[in-house]
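Visitor: Dropping the structure in here first, questions after.
The values are calculated or read from the model by the stated rules, or taken from the named source; none is laboratory data. On a predicted model such as this, the values are computed, not experimentally measured, just so you know. Cβ: placed from backbone, ideal geometry, glycine included. Neighbour counts: every protein chain shown. What goes into the accessible areas is simple: the full protein's heavy atoms, side chains included, and nothing from ligands, DNA or RNA. Shrake-Rupley method; radii C 1.70, N 1.55, O 1.52, S 1.80 Å.
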Amino acid sequence: MEFKHIPVLFHEIMDIMAPQPGEVFVDCTLGGGGHSKGFLERISPGGRLIGIDQDTSALAAAKQNLSAYDGQVTYVHSNYSSLDEILTAYAPEGVDGILFDIGVSSHQLDEKERGFSYMQDAPLDMRMDQSCSMTARDVVNTYSEDDLHRILKEYGEERWAKRIARFIVEFRSKKPIDTTGELVDIIRRAIPKGAREEGSHPAKRTFQAIRIEVNDELGVLERTIEVAVKHLKPGGRVGIISFHSLEDRIVKEKFRYLASDCICPPELPFCQCDKVSEVKILTRKPVTASPEELEMNSRAKSAKFRAAEKIV
């Protein structure tokens, strides 16, 4: 399948991240290279890009799409959870910009056999890095009812999490759940008819929750933001695109913490924490897609972008 990737919030990100000739930029979720192409156009001549992706098909597509910049791009097959090791190896002097595009890509959703989509029947997989061992099938068939309830509630914010978890356990007691189609049918039976007819697809939140669990998306994101800031040069920018409220909340709270110069309890008469402000927040509110972009790319609807600049 051809790798299709439309970079969301492209112009807004270029304006806020402000890449300049000669700078070093990092794309932690390279995808098809859409945002990276914009960075490379602006950091040339003399600039360098480090592109990271855990999906080998994404790396292959990016190499083709960015072929005009051969020699300026370092491709790294890894998860950005290894960002500290990657940047220590490839940019020990620090970098000027780091971008994260969190979540599943359009191509991964469209590639049926990856099992990310609730719209197509496929094996239950959902691994962003296909060299990892745990799949969605493992989660659905081996997690306890309590653990399933927990991840559906926390990661999917699913109102019917308890019923869905119970229905999954009841179904798998007769046979393993092997496909996305089977899981969608279970979810449909678990959610009352009236609720199924409200809002988005009834399986959307459950699939989101399982995907997050399989790939440890929230844990990796929270741990990596401070690592990214550590590797920025003073004046360097970090930007993060998120696609649901859980991710955006983590980014907002972590940026707020890094920008704060005191985290003491308010009842203390003076500061005792020695906390130093490390960043300046560049986006008071998350940047969202324009009406024009939404007409061309409906998947940009839930995209939110936040950015910060290193000051120390």
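Visitor: What does a probe at ASP15 reach in segment 217-249, counting residues whose amide N is under 19 Å from the point 7 Å along Cα→Cβ?
Guide: 237-242
Visitor: Further question: Restricting to Cα pairs below 8 Å that are 6+ residues apart, what does the relative contact order work out to for the chain? Please round to a whole percent. Before the final figure, lay out each step's value.
Guide: Values: 537 pairs, mean separation 55.0, N = 312.
That works out to 18 percent.
Visitor: Another question about this same structure. Between ARG172 and TYR75, how high is the FRET efficiency from 1/(1 + (r/R0)^6) when r is the Cβ-Cβ distance and R₀ = 30 Å? Nearest 0.05. Provide the component values of the computation, followed by the final result.
Guide: Values: r = 40 Å, r/R0 = 1.33.
Once the sixth-power term is evaluated, E becomes 0.15.
Visitor: Separate question: With axes computed from alpha carbons, what is the tilt in degrees of helix 161-172 against the longest principal axis of the chain, rounded to the nearest 10 within 0 to 90?
Guide: That helix lies at roughly 60 degrees to the long axis.
Visitor: Nearest 5 percent is fine: what portion of the DSSP beta bridges confined to the chain is antiparallel?
Guide: Details: 11 of 29 bridges.
Roughly 40 percent of the beta bridges in the chain run antiparallel, per DSSP.
Visitor: For helix 56-65, what angle does its Cα long axis make with the longest principal axis of the chain, in degrees from 0 to 90 and rounded to 10?
Guide: 50 degrees
Visitor: R0 = 30 Å: FRET efficiency of ARG249 with GLU85, Cβ-based, nearest 0.05? Can you show the working numbers first?
Guide: Numbers: r = 27 Å, r/R0 = 0.91.
After rounding to 0.05, the efficiency reads 0.65.
Visitor: Keeping all protein chains in the complex and leaving out DNA, RNA and ligands, what accessible area do you get for LYS37 with a 1.4 Å probe, in Å² to the nearest 10?
Guide: 90 Å²
Visitor: Determine the distance separating the Cα centre of segment 1-80 from the Cα centre of segment 186-264; give it in Å without decimals.
Guide: 22 Å
Visitor: What distance in nm separates the simple spin-label points at LYS275 and MET134, each placed 7 Å from Cα in the Cβ direction?
Guide: Roughly 3.1 nm, to one decimal.
Visitor: What angle do you read, to the nearest 10 degrees and between 0 and 90, between the alpha-carbon axis of helix 204-215 and the longest principal axis of the chain?
Guide: 60 degrees
Visitor: As an exercise, use a Förster radius of 30 Å and the Cβ-Cβ distance of LYS230 and GLN64 to find the FRET efficiency, rounded to the nearest 0.05. The partial results should precede the final answer.
Guide: On the way: r = 32 Å, r/R0 = 1.08.
The calculated FRET efficiency here is 0.40.
Visitor: What part of the accessible area of segment 8-64, given as a whole %, is carbon or sulfur when the probe is 1.4 angstrom? Don't skip to the answer; put the middle values down first.
Guide: Numbers: 960 of 1850 Å².
Answer for segment 8-64: carbon and sulfur cover 52 percent of the accessible area.
Visitor: Then there's this: Taking 0.36 nm per intervening residue step and subtracting the Cα-Cα distance, what contour gain separates ASP185 from ASP261 on full extension? Walk me through the numbers before you get to the answer.
Guide: Details: separation 76, 0.36 × 76 = 27.36 nm, distance 5.09 nm.
Working it through step by step, the gained length comes to 22.3 nm.
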